[in-house]
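Reviewing the structure listed below.
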Amino acid sequence: MTTTPYADALRRFAARDLQRLNVPGHSADPAAAPLLADFFGEDVLRYDVEPLLDGIDKGRENPLEEAREAAARAWGARRTWFLTNGASEANRMTALALSAFRTPDEIVVAQRSAHSSFFDGIILGGLDPRFVQPTIDAHHGINHGVTPEAMREALEGVDAKAAYIISPSYFGAVADVQGIAAVCHEAGVPLVVDAAWAAHFGFHPELPANPIALGADLVVSSTHKMGGSLTQSAMLHLADSPYADELEPLIDRAFMFTQSTSASSLLLASLDLARAALEDGHDRIGASIAAAAALRDAVRATGRFPIVSDGFDAFPDIVGHDPLRVSIDVGAAGLHGHSVREELLRTAGIMTEISTGSCIVAFVGPGTTPDPARFVAALEALQPVGALAARGDAASVSLPSPGPGVMRPRDAAFAHTEVVPAADAVGRVSADSLAAYPPGIPNVLPGEVLTAETIAFLRGIAATPGGYVRGAVDALVDGVRVVVGDHG
């Protein structure tokens, strides 16, 4: 059985007869926090301890360090950082570290469909992004990945610090990480892979390999997503590559600047436990892969709902697929994807991860075996009437093309700004990063010119049941923050 050094140390500490006269304020006493104890259970209070304790995370060779070393071994990394502010923290750490890496120029070649948090880091670090455009499934409104050829073209003639891609995508499409890494290393730059959705990769022979095994130099892992740890816990893995000696101290400093000084012991323990569960989880993961396959087969058998990943071979950037994603084209049945996602939860108690105007995606967590019959029965019951009917407006499905970038993101984000009505923002320079959630990919970045297409798309998302635009001045995107002056 795989060991869990930090979780075990926390369990031993919690079992001691202690008089707690320190933080947290509940003092692990149910009488002091009856609502917490009733809601979470008394053990959670005992496991919730402050940092810098002997025998847990203080001193050399402490259990927390042992847990991080165990994680590095499990994912094939030189070093792993445990994070309690999600993979968003890992993305910001990465950008901050890259801002001080090697060349005085601030250029990073990045996939345009990166997560908002990486662009937050670009703003904080003052980086100058040069974009590689992903391939796009325009019918379903899905960003996929980039090809090695596209990366080679983007790096030519550019004095870049690093390259940054996403693999897998929200829909489970896996890019040619090995080929892209070879292109980057030939150009003399490290490859960062946002593998937020790939914490489970490499832990079963039917799963794709994890990006470090394919040559990535730095890997962002949102461990809570598909690795089984608690929400908001994540890891950042550094490969033992030629760039590691330079990157490691920079990442350490970025970690200090971004991580809480009161990191949650509960989240840290969950990372230790999740890693052990993955390492010992061959049979459980295999059962989940079989369950996901059965779910896809049951959806196909309806004759109404195609499986989106069945068409992935039409895209040159996709070389594999996460078998634990079940992506369903509900638009083919005349249904509106966002409304379907909301309706399944409201009427059938079924939660799915993401939707577009025409699709929903179900995730099968490693170790879970959902009942296909329950899911398909709920899906079959939906009819294209009222709010569930597919929208006639193509903008509800198709992704807008971003406007040209005319200012560095940091300069626009901290410029003198004003809020104008959405209709008046067309042709102006955005001061905000605006991203339809999910998946959190910015549709417009600070410094980009706002287009009528983009504003219509974002307003359409905001008006959709469950729709949300991160960074918007107001919920319906009636107003838009723009840079004062004519930069467009």
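Taking the DSSP beta bridges in segment 119-250 as the whole, what percent of them are antiparallel, to the nearest 5?
45
Nearest-5 percent of antiparallel DSSP beta bridges in the chain?
Of the beta bridges lying entirely in the chain, close to 70 percent run antiparallel.
Quick check on the chain: helices-only [θ] at 222 nm, where DSSP H runs of length 4 and up contribute -39,500 (n - 2.57) each and the sum goes over total residues. Nearest 500, please.
One gets -10500 deg cm²/dmol as the mean residue ellipticity at 222 nm.
Given a Förster distance of 45 Å, report the FRET efficiency between ALA290 and ARG346 from their Cβ-Cβ distance, rounded to the nearest 0.05.
0.95
Would you mind putting 108-118, 344-354 in packing order, based on average other-beta-carbon counts within 10 Å, highest first?
So the order, starting with the most tightly packed, is 108-118, 344-354.
Which of these values of semi-axes √(5λ) of the Cα gyration tensor in Å was calculated from the structure shown: (i) 40, 28, 17; (ii) 39, 31, 24; (iii) 35, 30, 24?
(iii)
Calculate the dipole size of segment 63-269 relative to its Cα centre from +1 charges on Lys and Arg beta carbons and -1 charges on Asp and Glu beta carbons; express the result in debye to the nearest 20.
420
Could you list the GluC sites (Glu not before Pro) in segment 182-265 that lie in coil according to DSSP, counting only those with at most 13 other Cβ atoms within 10 Å of their Cβ?
GLU206
Give the ranking of GLU343, GLU153 by solvent-accessible surface, highest area first, calculated with a 1.4 Å probe.
GLU153, GLU343
If a/c stays under 1.5 just call it rounded; otherwise compare a/b with b/c (prolate if a/b is bigger, oblate if not). Do that for segment 87-129, with a ≥ b ≥ c from the square roots of the Cα gyration tensor eigenvalues.
Oblate, because a/c is 1.5 or more while a/b does not exceed b/c.
Find the accessible area per residue for the chain; the probe is 1.4 Å, ligands and nucleic acids are left out, and the unit is Å².
41
On a full-extension model of 0.36 nm per residue, what is the gain between HIS416 and SER262, subtracting their alpha-carbon distance, rounded to one decimal in nm?
Separation in residues times 0.36 nm, less the Cα-Cα distance, equals 52.0 nm.
Probe radius 1.4 Å, ligands and nucleic acids ignored: give me the carbon and sulfur share of the accessible area of the chain as a rounded percent.
53
What does the highest-first list of 476-484, 122-130, 52-60 look like by mean Cβ count within 10 Å?
Highest to lowest by the protection proxy: 122-130, 476-484, 52-60.
For segment 17-102, which chymotrypsin sites (Phe, Trp or Tyr not before Pro) pass both filters: DSSP loop (anything but H, G, I, E, B) and at most 13 other C-beta atoms within 10 Å?
Those that pass, being in a loop and sparsely packed, number zero.
Spin-label point model (7 Å from Cα, Cβ direction): what's the ARG300 to VAL44 distance in nm?
So the two model labels end up 4.1 nm from each other.
Based on the Cβ-Cβ distance of LEU36 and ALA389, what FRET efficiency does E = 1/(1 + (r/R0)^6) give at R0 = 51 Å, to the nearest 0.05?
The computed FRET efficiency comes out at 0.70.
The values are calculated or read from the model by the stated rules, or taken from the named source; none is laboratory data. Please read all numbers here as calculations on a predicted model, not as lab measurements. All Cβ positions, even for glycine, are placed from backbone atoms using ideal geometry, and neighbour counts span all protein chains on display. Just the protein is used for accessible areas: all its heavy atoms, side chains included, with ligands, DNA and RNA removed. Shrake-Rupley method; radii C 1.70, N 1.55, O 1.52, S 1.80 Å.
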